[in-house]
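Here the structure is laid out as structure tokens; the discussion comes afterwards.
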Amino acid sequence: MDFALLLLSLWALAGTASLQASGTTGSCPERLLGEERRRTCPRPCKADRDCGNKRQCLCDGQCGLSCVAPGRTCPWPLPPSDNSTARLLSPTHSFSALLEVRCNPGFALPNGLDATIRRCQGDRQWSGDEPICTGTESPTAHAAQTCPLPDEVINTFSIQGSAAIGTSIRYSCLSGADIVGSSENFCQDNQTWQYPHPICQKVYCLPPREVEQGYVVAVQKTEYEVGFDIHYLCKKNFLLDGPQKVTCLSNGSWSALPPYCRARCLIPAERSRVEIGGVKRWPFDVTDAMVPHGENVTFYCKHPHKQCSFSATQTCFDGKLRPSTCYLEPTWLQYKLFPHRLVSEIEACEPGDVE
Ligand SMILES: *[C@@H]1O[C@H](CO)[C@@H](O)[C@H](O)[C@H]1NC(C)=O
Ligand SMILES: *[C@@H]1O[C@H](CO)[C@@H](O)[C@H](O)[C@H]1NC(C)=O
Ligand SMILES: *[C@@H]1O[C@H](CO)[C@@H](O)[C@H](O)[C@H]1NC(C)=O
């Protein structure tokens, strides 16, 4: 873990404070338990530091912000059920994973819907009561001319349109979070909705990969809110290759891959001049005899038959710079006794001399 943490400036501190104000408390409901009888809520919290070091302060549905161990899992697979089929909508069955329970054809839930979505809670239970699908010939389905809209749906979404048979509604999340599922629904003749109601889920970005030899100018977190910026700096003598900053996008991706911090290269010549940035120089005259990543170094090579020199260029890439294959390092004697006859000091070949 050489992923360094830098709190460089007031800017970073201000960024964190506003993040906590707008991000975590804004969209998580206050702890409010009504219908969910089985529910035992984990310890309430306001920030990660209110929880032990194995737990994080996360939104746990109707429990509100609670100390949750995000690795804990809910029961899966579920025991098979006669009248319904359960399906995981998330890659795992751990905290905040989603599960769809769909009634088999000819069966429906007591509220008339044929499917429901359950969320894996901090208490390792799937949210809501055990769904019970019964045959749709039940007498409850005949009374009204509308499809049912449970309180839970009404409290979560702003709903446009009508729930009458043959019409459709559109959902948008009251909390501003993203809709998971269909954002439009149609009330069918048998007073059931065509699709299960969607749910609202806050979008996060996972931590981007670490940048070797670099610093991140942000507080390290296990997940980042949409709009969060991570700025990068490289250690001294390393060059940033890639974006200086990445932003968490509304689809949970980062705006770009993180950059690389590229190392300088040692000039692989001592007793010849080389050309760097258009200037012919002795390597010992260059600071540390090194060039930055991406710099071109031109070596002077001797013509195989004539007493003239031609040049060949190599580029420094992340600490690696090889001399051109035609380059021969002069011996110490050549360098000391005949400095004017060094290949880098003799005349350049005519354009026609070099194949
Ligand atoms: C399945 O449906 C039947 C008929 O409606 C009902 O009597 C029974 O209780 C249901 N079983 C389960 C496990 O929901
Ligand atoms: C997220 O959105 C960006 C920009 O709109 C797009 O380039 C990227 O592919 C999307 N990522 C995913 C996983 O959909
Ligand atoms: C090095 O040479 C390449 C190819 O000629 C060129 O594209 C690049 O801009 C040069 N880099 C520098 C730092 O001059």
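A short reminder: the numbers here are calculations on the coordinates, not readings from a lab. Keep in mind that what you see is a predicted model, and the values were worked out from it rather than measured. Heads up, the Cβs are rebuilt from the backbone with ideal geometry, glycines too, and the neighbour counts pull from every protein chain shown.
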* Under the Kirkwood approximation applied to all pairs of distinct alpha-carbon atoms, what is the hydrodynamic radius of region 205-262 in Å? -> 11.4 Å
* To do: Find the relative contact order for the chain and round it to a whole percent, using C-alpha pairs within less than 8 Å whose residues are 6+ positions apart.
  => 10 percent
* Asked: Calculated from DSSP H runs of 4 or more alone, at -39500 (n - 2.57) each and per residue, what is the 222 nm mean residue ellipticity of the chain, nearest 500?
  -> -2000 deg cm²/dmol
* Using Cα centres only, tell me the gap between region 70-89 and region 299-355 in whole Å. => 72 Å
* To do: Mind putting a number on the dipole of the chain about its Cα centre? Charges go on the C-beta only, +1 for Lys and Arg and -1 for Asp and Glu, and I need it in Debye to the nearest 20.
  => 1120 debye
* Structure fact -> Once the in-chain neighbours fewer than 8 apart are removed, the aspartates and glutamates whose Cα is under 18 Å from residue 280 read 270, 288, 295, 329, 345, 347
* List the lysines whose alpha-carbon lies under 19 Å from that of residue 245, not counting same-chain residues fewer than 8 positions away? -> 221, 235, 236
* C-alpha long axis of helix 10-22 to longest principal axis of the chain, angle in ° -> 20 degrees
* **Selection from 269, 237, 161, by position along the positive dipole direction of the chain (Cβ)** => 269
* Once the Cβ-Cβ distance between residue 183 and residue 235 is put in as r, and R0 is 56 Å, what FRET efficiency do you end up with, to the nearest 0.05? -> 0.75
* Structure fact -> The simple spin-label model distance between residue 104 and residue 204, using points 7 Å out along Cα→Cβ, in nm, is 3.8 nm
* Set the Förster distance to 25 Å, then compute FRET efficiency between residue 175 and residue 145 from the Cβ-Cβ distance, nearest 0.05. => 0.20
